[in-house]
Amino acid sequence: MDHQEMERLFRTHREAEARRDYDAIMDTFTPDCYLETIALGFRSEGREAARAAYVGYFTAFPDLTPDDQGVAFGDDVMVAWGFLQGTSGGDWLGVAPSGRSFAVPFTNVARFEGDLMAGESIYFDLATLCEQAGLPLDEIRAAARGRAGVAARTS
């Protein structure tokens, strides 16, 4: 896949995210895709698990929006960076919403296989997000560790 095709598919993916069209989001991924959130230590593998992760994020942050500022390419990878913006409007990992907003720098690394995305790894500063959104960092980290531990035992 050339760089233009990668960027076209990534934009299609971003547009589906903006519409909260989970089927269209999953259509941009390979069947054995992954969604990895580095700050939380989560890696959701397969379309069903990745879809559930998206539902969780968009439930916790209903207006979650990446504002891509730039992109770079490798042979089978595209990196996007910018600011991740949203408002804590629903439970996140069992922690009640605060109603406060955040805007944190992020980097998204998307790998490609064939004509689809193999997966995404998302990097952001969890402490800054929690501070801005008024969420308890220690509770989010503990819940993330618990969830990651359950995922490791079931895989």
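Brief remarks on what is shown
- Candidate set from the range 5-29 (those that are aliphatic (A, V, I, L, M) and in contact (Cβ under 8 Å) with a residue 24 or more places away in the chain); member that is surrounded by the most Cβ atoms within 10 Å (Cβ to Cβ): Ile25
- Residue in the range 127-149 that is out of contact with any Cys (no Cβ under 7 Å at 6 or more places or on another chain), among the charged types (D, E, K, R) and either at positive phi or not in a helix (DSSP H, G or I) (or both) present: no
- The lone exception for Pro66 - which of (1) of a type outside the set (Lys, Arg); (2) touching a His at 6+ places or on another chain (Cβ under 8 Å); (3) under 29 Å from Pro136 (Cα atoms) it fails: (2)
- Here Leu129, Leu135 are screened, and the one residue that is hydrophobic (A, V, I, L, M, F, W, C), buried (at least 18 other Cβ atoms within 10 Å of the Cβ), more than 17 Å from the chain's Cα centre (by Cα) and at pLDDT 95 or above is Leu135.
- Of everything in the range 44-68 that is in contact (Cβ under 8 Å) with a residue 40 or more places away in the chain and among the charged types (D, E, K, R), the residue that is nearest to Leu84 (Cα to Cα) is Asp68.
- Selected residue (criterion: surrounded by the most Cβ atoms within 10 Å (Cβ to Cβ)) from residues of the range 33-74 that are among the aliphatic types (A, V, I, L, M) and out of contact with any strand residue (DSSP E or B) (no Cβ under 6 Å at 6 or more places or on another chain): Leu40
- Entry remark, the range 117-139: residues being of a type outside the set (S, T, N, Q) and in contact with a strand residue (DSSP E or B) (Cβ under 7 Å, 6 or more places away or on another chain) number 13 in total.
- Residue list for the range 75-94, restricted to those being touching a helix residue (DSSP H, G or I) at 6+ places or on another chain (Cβ under 9 Å) and either surrounded by fewer than 17 Cβ atoms within 10 Å (Cβ to Cβ) or in a loop (DSSP other than H, G, I, E, B) (or both): Asp76, Val77, Ser88, Gly89, Gly90, Asp91, Leu93, Gly94
- Residue identified as within 22 Å of Gln4 (Cβ to Cβ) and at pLDDT 95 or above among Val55, Val71: Val71
- When Gly41 is tested against the conditions (1) of a type outside the set (Val, Ile, Thr); (2) free of Cβ contacts under 8 Å to residues at least 60 places away in the same chain; (3) farther than 22 Å from Ser98 by Cα, the lone failure is (2).
This table checks each residue for (1) farther than 23 Å from Met1 by Cβ; (2) touching a Gly at 6+ places or on another chain (Cβ under 9 Å).
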| residue | (1), (2) |
| --- | --- |
| Pro97 | yes, yes |
| Ser101 | yes, yes |
| Ala118 | no, no |
| Ile122 | no, no |
| Ala127 | yes, no |
| Cys130 | yes, no |
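The values are calculated or read from the model by the stated rules, or taken from the named source; none is laboratory data. Worth saying up front: this structure is predicted, and the values here are computed from it rather than measured. Glycine gets a Cβ as well: all are built from the backbone with ideal geometry, and neighbour counts include every protein chain shown.
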